[in-house]
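> Let me give you the structure first, and then I'll get to my questions.
Each reported figure results from applying straightforward, stated rules to the coordinates on display, with no laboratory input. These numbers come from a predicted model, not from an experiment. Methodologically, a virtual Cβ is constructed for each residue, glycine included, from the backbone with ideal geometry; neighbour enumeration extends over all protein chains shown.
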Amino acid sequence: MDFVHDKHSALPAHAQIQEQIKLALLLGRLRPGDTLPSIRDVEKQVGVSRNIVRKAYLELQSSGILDLRHGKGVLVEKNLSYSHRGRIHEECESLSRDLIARLRKTGICPSAFARYLYQQARENETASPFLVFADASKWLAAERAARISAIWQMNVPAVSLEELAAMDRTRLRGIQKILTNYLRLDQVQRMVKNAGIDVIPLGLNFMQETVDEFSRFPGSGSVVLVLDDIDYPSLRLIIELYRKILLDPSVNIESIPRSKIKDFHTFVKSTRYQKVIFSNRVWEEVPEDLKKHPKVTHPHMEVDLASLENARIRAGVIL
């Protein structure tokens, strides 16, 4: 993996390294078990001190993303692939055997009780969700939660980060697992700190319509990515991944914070950019008529299926 260091960024150097790792995980450029460059190699590559690189790696290790092993280098934590699925299935089989034996002993039909138990479980989870999906906005969370619900054949409620932050400890106590994407992992972990909730990160993929849209974009064109002010320091680093994944190298792409735009219509109609990408967090503010403008788009992304399958057992979902 190649790192870049933006000396003009508001993010400190160690945070830039961390955000680039999370972005690579988010978009599948890194996978659980992959090896990262050594601290010394990153020091030479980006021209920052060894202590800065070490700080970046150690903090990601504390978040459960990296595994630093003496003599073996820096690895993306293998447990992100949740290889303990065999143990979970064994526990389910043991619980099933015990429950069926007790039902037979008390004269209750096991298959009939299974229907009863399913209904009780659904009502319980409606009142107090066991698992939720959290993302920057409600519409984004709902869109991705619906996809996960369809794949896992269960209801996965959606919450925005704002809603999650407003929850008191009583409401949080009912939640045992939170799914989110890698970029929001740190935020969610801070919000639920000491609540005993397992926060599970997921990767995302650009949907084919976005890949097709940018494959038609002319070389030497000019693109701007408009980011929410809160996200701007970290997400502006995604420009390098846009270049590698979506855009011709000759395309000029830059990013600006939302606060730089005084009027959406004037900004879009300017001839400075041939394409305007509004981040999904800013997309809610874009006027409806502009959303149909041929110059305007936003990142169409979906949950990475390999990442989702890896997370399923840790989430306690048995198919």
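> Using 0.36 nm times the number of residues separating A166 and E59, minus their current alpha carbon distance, what extension gain do you get?
Between A166 and E59, full extension yields an extra 35.9 nm.
> On to the next question. Can you tell me the order of 289-298, 109-118 when each peptide is scored by its average per-residue count of other Cβ atoms within 10 angstrom, highest first?
289-298, 109-118
> Right, another one. Identify which of the listed values of semi-axes √(5λ) of the Cα gyration tensor in Å was calculated from the structure shown: (i) 35, 22, 17; (ii) 39, 26, 17; (iii) 31, 23, 20.
(ii)
> Express as a percent, rounded to the nearest 5, the fraction of DSSP beta bridges in the chain (both residues included) that run antiparallel.
Here the share of antiparallel DSSP bridges comes out near 30 percent.
> Straight-line reach from K295: which aspartates and glutamates have a Cα under 20 Å away, not including same-chain ones fewer than 8 places off?
E209, D212, E213, D228, D248, E254, D263, E284, E285
> Hey, rough spin-label estimate for H5 and C92, points 7 angstrom out along Cα→Cβ, what's it come to in nanometres?
4.8 nm
> Also: Once the piece of chain linking R104 and I151 is laid out straight, how much longer is it, given 0.36 nm per residue of separation minus the C-alpha distance between them?
Stretched fully, the R104-I151 segment lengthens by 13.6 nm.
> Given H placed 1.01 Å from N in the peptide plane, which residues other than close sequence neighbours of I253 have an amide H under 5 Å from its amide H?
V223
> Rank by packing, highest mean first: peptides 30-36, 253-259, with packing defined as the count of other Cβ atoms within 10 Å averaged across residues.
Answer by packing, highest mean first, reads 30-36, 253-259.
> Tell me the mean residue ellipticity at 222 nm calculated for the chain from its helices only (DSSP H runs of n ≥ 4, each -39500 (n - 2.57), averaged over every residue, nearest 500). Let's see the in-between values first.
Details: 16 runs with 151 residues, N = 319.
Dividing the helical sum by the residues of the chain leaves -13500 deg cm²/dmol.
> Any idea how far the Cα center of the range 92-148 sits from the one of the range 171-187, in Å?
If we compute the Cα centre of each part, the gap is 19 Å.
> Quick check on packing: order 22-29, 56-63 by the mean number of other C-beta atoms within 10 Å, highest mean leading.
Details: 22-29: 20.9, 56-63: 18.0.
Peptide ranking by packing, descending: 22-29, 56-63.
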